[in-house]
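Scroll down for the structure; my scribbles are underneath it.
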Amino acid sequence: MKKLAFAAFIAFWSVIATLLALAMLAPPASEPAVPATADGPPSISLAEFTRHASPGDCWLAIEGRVFDVTEYVGRHPAPREVLTAWCGREASAAMRGEGDVGETQHEHSARAWRLLDRYHIGALEEDPRVERASQ
């Protein structure tokens, strides 16, 4: 009986040590898509942003942040055209359910807003030719 207890003790601590070693070696689960810099996220010009306006290369600007959602286009729950209509455009209104595309508009869930973080690639530069709406 002592041998069995000793074997179980060794097996238990071996499993714990292995799990700890794996946890230390694994990258963080919430690592950002773009590495943070001392100055914040990379700045993306309006000219660069508007070049990504197709379903195969789809960037959205939402509340001043730029997201590369190209790989998400096929997984979006609404018909593909609902999302691709916003490629290369400012889509804050669409996320809030105020957009001009699609027949039914709704505020996106908190989960949808959090999902955006994995696609964040930078901040949209201010364009002096565009007047910002007051918030």
Exercise. Do we find that Glu81 is assigned to a loop (DSSP other than H, G, I, E, B), among the charged types (D, E, K, R) and at pLDDT below 95 in this structure?
Worked result: no
Exercise. Can you tell me which residue in segment 44-58 is nearest to the chain's Cα centre (by Cα), limited to those that are within 13 Å of Glu71 (Cα to Cα) and open to solvent by 30 Å² or more (accessible area, probe 1.4 Å)?
Worked result: Asp57
For this session: Consider Gly74 carefully, then state whether it is loosely packed, with under 13 Cβ neighbours inside 10 Å, of a type outside the set (D, E, K, R) and within 26 Å of Glu107 (Cβ to Cβ).
Result: yes
Problem set entry | Failed condition for Val69, given (1) buried (at least 16 other Cβ atoms within 10 Å of the Cβ); (2) of a type in the set (A, V, I, L, M); (3) at pLDDT below 90 | (3)
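The values are calculated or read from the model by the stated rules, or taken from the named source; none is laboratory data. Owing to the predicted nature of the structure, the values given are computational and were not obtained by experimental measurement. Quick reminder, even Gly has a Cβ in these numbers, built from the backbone with ideal geometry, and neighbours come from all protein chains shown. Quick note on the areas: whole protein, heavy atoms, side chains included, nothing else; ligands and nucleic acids left out. Shrake-Rupley method; radii C 1.70, N 1.55, O 1.52, S 1.80 Å.
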